[in-house]
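Below is one structure; the comments refer to it alone.
Where a number appears in this text, it was derived from the coordinates with a stated rule and is not lab data. Note that the coordinates shown come from a computational prediction; the quantities given were computed from them, not determined experimentally. Counting neighbours? That spans all protein chains shown, and the Cβs are built from the backbone with ideal geometry, glycine included.
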């Protein structure tokens, strides 16, 4: 498949000839951009796996935590700190007339945030 750094597999990318594929500048930068976008779309890559119990909170995190600022990693605070942070954010949401969290949504969010919080 690889020969002197050139891709020759005709099945790769739907190629129909044996001509080598050489990435030019444009292809190189498109590849780098794709990798960077993939990393940014993952949100916080340090989240790891999400339990069924945490999944509702994760969806709330994706939906609400970012409407006023960039989403922060759950590891930014400890599990003990997150309730105060969420209360403060709920107050900001109300002041700024943003979509607010219900009490139930806040509880789901806390389950997720505490489950992925910074360890002491």
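With a Förster radius of 25 Å applied to the C-beta separation of residue 95 and residue 118, the computed FRET efficiency comes to 0.40.
Ranked by the mean number of other Cβ atoms within 10 Å per residue, highest first, peptides 75-86, 94-105, 54-65 order as 54-65, 75-86, 94-105.
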